[in-house]
Amino acid sequence: MTSQLRVMSIYEGFFSGGARALHTTVVAGLHTAGSHQHSVLSIYGAMRRETILQRMEDDAGYRSLSALGIDVRPLGRRIGGDTATRKTLTASEVATAVTHAQRADIILSLKEQPLRLVNLPGFPRKPVIVCLHRSDPQNQGSALTEFKTAVADGRIAAAVCCAESTRSAYERAGIPASLLKVIPNGVDLTRFRPVPVRRRAALRRSLGVPAKADVVTLAARYDPMKNIPLFLASARRYLERDPNGHVLMCGAGMSTANAELCGLLTELFDDEPRHLGRLHLLGIRRDMESVYAASDVVALTSTSGEAAPLCLIEGAMCGAVPVSTDIGDTAVIVAGHGLITAPDPEAIAAGWSEAIARRDEFAPRLLGSRERFSHTRMIASYASVIDGAHREMGLRVPQRL
């Protein structure tokens, strides 16, 4: 019997986003710990999101996993994320997936969408652990139906929820409570940490921001759930009230290549275009720890779908005060070291200003919360769930020779 548990994760595809960044941290941590041998199967070799077409090989998560010697390969599908994408898998694609799954002891499904592959006839009956990262299961197309099908077929060993709001939402949607296990998100504290004052000033200059500016950052993809119009309306009011204020927007679609975003900016700032000089569109960044460390506030204006937004945790661990609307578990995440605001532009802009004014007050609280958000705790919890699923399998089927 092999000494290492073989675990295969299935992704829809690789692209910039909190869930994939989080899963990359988990897989990397478990693999390097030595008790598991991890691999990743990506259904698509490239993903189209917002204005970006991102090849798997260009993704930061893919590169970091590959650098650790983790086998990461595409199923063979070319481009996903488009509503016109063909959903039916070919016999060749299914055969490839089956071959890889047969080599694994445990399957991890990143979100519920890959379960359409797991549910196909002939897919190996290995324990499946679904990793859930949102709080709106009814808003994920056919994914909830696929999840329920896999549960009814006895394929699901556990479902890891990143937040209590996720667990509650999926339980209300009909997923058995016995399957739902909460493991709060964590981050690498050696990467996400505050920097010295001089380093902070240098980071700001590299971003085109004055060293003594009041900086608010949004790290999100351009997606309806992020409520970008609300963020921009709030930014307009914030820039009006604070002549020293600057706003940074990072993520897929947060660039001048996004015609819809540019249209919103024109509409909201048409009468005062001078304010746009202090609103910076940075697009996808590979150095978010530097962007957060240069910020006073990490902001979120989502009004649906969020569970435990990674941006709030990463930003807070770098010393930026988290200010968010009340969605998912955000109130729990920011409690004691950040602010929750009403989903109103005036309230949000006032919240950013208050957070900056109270930054010295929040700083020691942010430092004191670091261990609570450590990724080592999170990775150990994932290992426990995976090992438990494997032990349960051993009670039901003969051990592999």
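So, by mean Cβ neighbours within 10 angstrom, what's the order for 274-287, 154-167, 196-209 with the highest one leading?
The most tightly packed comes first, giving 154-167, 274-287, 196-209.
Starting with the highest mean, order 238-247, 12-21 by the number of other Cβ atoms within 10 Å, averaged over the residues of each peptide.
12-21, 238-247
What residues have an amide H closer than 5 Å to that of Y44, excluding those fewer than 5 places away on the same chain, when H is modeled at 1.01 Å from N in the peptide plane?
Under 5 Å from the amide H of Y44 lie the amide H atoms of G13, L75, each far enough along the sequence or on another chain.
So what are the ³J(HN,Hα) numbers for region 202-217, from phi and the Karplus equation (6.51, -1.76, 1.60; θ = phi - 60°), rounded to whole Hz, Gly and Pro as x?
Running phi through 6.51 cos²θ - 1.76 cosθ + 1.60 with θ = phi - 60° gives 5, 4, 5, 4, 5, 9, x, 10, x, 4, 9, 6, 9, 10, 10, 10 Hz.
If you put +1 on each Lys and Arg Cβ and -1 on each Asp and Glu Cβ, how big is the dipole of the chain around its Cα centre, in Debye rounded to 20?
On the way: 48 positive and 40 negative charges, 262 e Å.
For this selection, approximately 1260 debye.
Once label points are set 7 Å from the Cα along Cα→Cβ at both N244 and N139, what is their separation, rounded to one decimal in nm?
3.7
Along the positive direction of the dipole of the chain (beta-carbon charges: Lys, Arg +1; Asp, Glu -1; about the Cα centre), which of A28, N258, P322 reaches farthest?
A28
Pick from L265, L310, L75: which is most flexible by mean-square fluctuation in a GNM of the chain where alpha carbon atoms under 10 Å apart are linked?
L265
Out of every Cα pair in region 197-373, what percent are spaced more than 21 Å from each other?
Working: 6580 of 15576 pairs.
Taking all Cα-Cα pairs of region 197-373, the fraction more than 21 Å apart is 42 percent.
Between D270 and A173, 0.36 nm times their residue separation minus their Cα-Cα distance comes to what? Each step should come with its number before you reach the end.
Values: separation 97, 0.36 × 97 = 34.92 nm, distance 4.37 nm.
Working it through step by step, the gained length comes to 30.5 nm.
Using a 10 Å cut-off on Cβ atoms, rank the peptides 318-330, 370-382 from the highest mean neighbour count down.
318-330, 370-382
By how many degrees, between 0 and 90 and to the nearest 10, does the Cα long axis of helix 259-269 differ from the longest principal axis of the chain?
With both axes taken from Cα atoms, the answer is about 30 degrees.
If R₀ is 22 angstrom, what is the calculated FRET efficiency for the pair T149 and E93, using the beta carbon separation as r and rounding to 0.05?
Result of the calculation: an efficiency of 0.70.
May I ask for the distance between the Cα centers of region 360-389 and region 86-114, given as a whole number of Å?
If you average the Cα positions of each part, the centres end up 31 Å apart.
Throughout, read-outs are computed from the coordinates displayed, never taken from laboratory work. Everything numeric in this text was worked out from a predicted model, so none of it was measured. With ideal geometry, Cβ positions are generated from the backbone for all residues, glycine too; neighbour counts draw on all protein chains shown.
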